[in-house]
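K.L.:
Shown below is the structure under consideration.
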Amino acid sequence: MARRMVVAAAIVFAGCSAQPPAQDAQKMVGTAGATELVAADFGDPLPGSSASDLALFQAGRVAFEQVEEVADGLGPVFNESSCVACHLGPGAAVGGSNGRLETRFGSNAGGTFDPLAGLGGSLIQDHAIGVVADGFEFKPEVVPAQATVVAHRRTTPLFGLGLVDAVPDGEIRAIAFVQSIFYPEIAGQVAVVTDLTANKLAVGKFGWKNGNPTLLQFSADAYLNEMGITSPLFPNENCPQGDCASLAHNPRPDLNDADGADVQKFADFMTMLAPPPRGPQSLTTLRGEVVFEVIGCGVCHVSTLVTGRNAVAALDRKIFHPFSDFLLHDMGTLGDGIAQGAAGPRQMRTAPLWGVRASPTLLHDGRATTLADAIGAHDGQGADARDRFVRLDASSRFALLAFLKSL
């Protein structure tokens, strides 16, 4: 009874009409028989991990923190020499984000996006290994003059991604279907990408544009594009600034992580990394959560997902709360202008909100430093929810922001 009264009060105070019952349906797809995940701290392994899983987590963390050298295959161009260089925080926790920005570029001449791959696009590698044994010098990449689109992307926290990986593709598709029926104007798009391991199409869930369908592929992608380390899934080096001939001077032209063992360790670490813990809650945050749903934020920032059957007990049929539908949405001016994989220039994956209270910068390019600013920057399919937020009375807005600060 008390909760119903809070719900009713929040709807009245918000001054908006409530979302239809389908919202509950899309948040709670397949929860029968599942159990709520127990909380853990930032950087901890998943609660309930077995001894063997913990061993994989620890070995993966060692690989995650290892500083790669040229002898290991680093470069010739790269962004950082270790995973932890970008994925550190909050505090000393390993697996978060320090807000490091990366640069992408391309051209939209004629209305069609061109990544300018022949000039090193679309991702800039802003470090290089320098002068090598034969006297050739590898230099960091720069944005070429031909680029008409330049975008920045903030490195993302990795907490809880093993749970996301364990969500069946059908659950993401079901959320997209519910949105298409009840919220067609803001319905998200499933990112269909290639699973390189299974050699089949699958649902993309990872990265700002949902470019990878599994943590293993996400790991291999990062090893190549962030550190320049090749592996069986991504065996070809990036051509520095598009100059493939310069790879004749690469001191490690072989397959760097030949058996994919390091890629697997990185994936193991992420798989067993617990989600962010929830902050303190109160009647105010409870009311704020209702306002969140009433103004439509929860349509895309879906609070609850459920993992499928899994051989890892800590991932088997777990209810968790990422506050994302892991779909692509047209964000209008908030899009980054980069077409990548299944995502168009205006499309971005719904950013998970769990752990947002620990993020010093927000949005894909880190432009926002407050939650209110981040909401205010929403456009495209997020514009209506933004406008409802702007129209909230002071009390309802305070409650909503308090709720977000508890995530």
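K.L.:
Limited to segment 375-384, what total is found for residues that are of a type outside the set (S, T, N, Q) and buried (at least 20 other Cβ atoms within 10 Å of the Cβ)?
P.N.:
Here the count works out to 3.
K.L.:
Considering only segment 283-301, I want to know if a residue exists there that is assigned to a loop (DSSP other than H, G, I, E, B), over 30 Å from residue 52 (Cβ atoms) and of a type in the set (S, T, N, Q).
P.N.:
No: segment 283-301 contains no residue that is assigned to a loop (DSSP other than H, G, I, E, B), over 30 Å from residue 52 (Cβ atoms) and of a type in the set (S, T, N, Q).
K.L.:
Of all the residues that make up segment 77-87, how many are crowded, with 22+ Cβ neighbours inside 10 Å and free of Cβ contacts under 8 Å to residues at least 40 places away in the same chain?
P.N.:
Total satisfying the criteria: 0.
K.L.:
In addition: Need pairs with beta-carbon distance below 8 Å; first residue acidic (Asp, Glu) and within segment 282-301, second modelled with pLDDT of 95 or more; sequence gap 6+ or separate chains.
P.N.:
These pairs meet every condition: 289/403.
K.L.:
Restricting attention to segment 29-46, which residues are surrounded by 13 or more Cβ atoms within 10 Å (Cβ to Cβ) and under 24 Å from the mean Cα position of the chain (by Cα)?
P.N.:
Those that are surrounded by 13 or more Cβ atoms within 10 Å (Cβ to Cβ) and under 24 Å from the mean Cα position of the chain (by Cα): 29, 30, 31, 37, 40, 42, 43, 44, 45, 46.
K.L.:
Inside segment 191-206, can you point out the residues that are outside any strand (DSSP E or B) and either surrounded by fewer than 20 Cβ atoms within 10 Å (Cβ to Cβ) or of a type in the set (S, T, N, Q) (or both)?
P.N.:
Scanning segment 191-206 gives 196, 197, 198, 199.
K.L.:
Is one or more of the residues making up segment 260-282 under 27 Å from residue 383 (Cα atoms) and of a type in the set (Val, Ile, Thr)?
P.N.:
No, that holds for no residue.
K.L.:
Output yes when any residue across segment 147-157 is out of contact with any Phe, Trp or Tyr (no Cβ under 9 Å at 6 or more places or on another chain) and outside any loop (DSSP other than H, G, I, E, B), and no when none is.
P.N.:
yes
K.L.:
Please go through segment 146-180 and pick out each residue that is touching a Lys or Arg at 6+ places or on another chain (Cβ under 8 Å) and basic (Lys, Arg).
P.N.:
Matches in segment 146-180: 153, 154.
K.L.:
Same structure again: Assuming residue 110 fulfils every condition listed in (1) in contact with a Lys or Arg (Cβ under 7 Å, 6 or more places away or on another chain); (2) modelled with pLDDT under 95; (3) not aliphatic (A, V, I, L, M) apart from one, which condition is it?
P.N.:
Against the list (1) in contact with a Lys or Arg (Cβ under 7 Å, 6 or more places away or on another chain); (2) modelled with pLDDT under 95; (3) not aliphatic (A, V, I, L, M), residue 110 comes up short only on (1).
Rundown of residues vs (1) at positive phi; (2) of a type in the set (Gly, Ala, Ser), yes/no style:
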{"residue": "119", "(1), (2)": "no, no"}
{"residue": "124", "(1), (2)": "no, no"}
{"residue": "127", "(1), (2)": "no, no"}
{"residue": "130", "(1), (2)": "yes, yes"}
{"residue": "139", "(1), (2)": "no, no"}
{"residue": "158", "(1), (2)": "no, no"}
{"residue": "161", "(1), (2)": "no, no"}
{"residue": "166", "(1), (2)": "no, yes"}
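Conditions tested, residue by residue: (1) within 25 Å of residue 334 (Cα to Cα); (2) without any contact (Cβ under 8 Å) to a residue 12 or more places away in the chain; (3) assigned to a loop (DSSP other than H, G, I, E, B); (4) aromatic (Phe, Trp, Tyr).
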{"site": "75", "(1), (2), (3), (4)": "no, no, yes, no"}
{"site": "98", "(1), (2), (3), (4)": "yes, no, yes, no"}
{"site": "106", "(1), (2), (3), (4)": "yes, no, no, no"}
{"site": "110", "(1), (2), (3), (4)": "yes, yes, no, no"}
{"site": "121", "(1), (2), (3), (4)": "yes, no, yes, no"}
{"site": "145", "(1), (2), (3), (4)": "yes, yes, yes, no"}
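K.L.:
Whether any residue in segment 326-337 is touching a Pro at 6+ places or on another chain (Cβ under 6 Å), touching a residue at least 12 places away in the same chain (Cβ under 8 Å) and either among the hydrophobic types (A, V, I, L, M, F, W, C) or at positive phi (or both) is what I want to check.
P.N.:
Yes, some residue in segment 326-337 is touching a Pro at 6+ places or on another chain (Cβ under 6 Å), touching a residue at least 12 places away in the same chain (Cβ under 8 Å) and either among the hydrophobic types (A, V, I, L, M, F, W, C) or at positive phi (or both).
K.L.:
Working carefully through the options 185, 171, find the one that is in contact with a strand residue (DSSP E or B) (Cβ under 7 Å, 6 or more places away or on another chain) and either closer than 26 Å to residue 384 by Cβ or at pLDDT below 95 (or both).
P.N.:
When all the criteria are applied, what remains is 171.
K.L.:
I'd like the full set of residues that are β-branched (Val, Ile, Thr) and either part of a loop (DSSP other than H, G, I, E, B) or in contact with a Cys (Cβ under 8 Å, 6 or more places away or on another chain) (or both), limited to segment 175-190.
P.N.:
Residues satisfying the conditions are 186, 190.
K.L.:
Separate question: If you go through segment 289-303, how many residues are under 17 Å from residue 176 (Cα atoms) and either of a type in the set (Gly, Ala, Ser) or touching a Cys at 6+ places or on another chain (Cβ under 9 Å) (or both)?
P.N.:
Of the residues in that region, 3 qualify.
K.L.:
Kindly provide the set of residues from segment 237-251 that are assigned to a loop (DSSP other than H, G, I, E, B) and out of contact with any Leu (no Cβ under 8 Å at 6 or more places or on another chain), ordered by number.
P.N.:
The answer is 243, 250, 251.
K.L.:
Turning to a different aspect of this structure: Does residue 353 satisfy being in contact (Cβ under 8 Å) with a residue 24 or more places away in the chain and out of contact with any Cys (no Cβ under 7 Å at 6 or more places or on another chain)?
P.N.:
Yes, satisfied.
K.L.:
Would it be correct to say that residue 115 is of a type outside the set (Ser, Thr, Tyr) and more than 28 Å from residue 259 (Cα to Cα)?
P.N.:
So residue 115 fits the description; yes.
The values are calculated or read from the model by the stated rules, or taken from the named source; none is laboratory data. Computed from a predicted model, the values in this text were never measured in an experiment. Methodologically, a virtual Cβ is constructed for each residue, glycine included, from the backbone with ideal geometry; neighbour enumeration extends over all protein chains shown.
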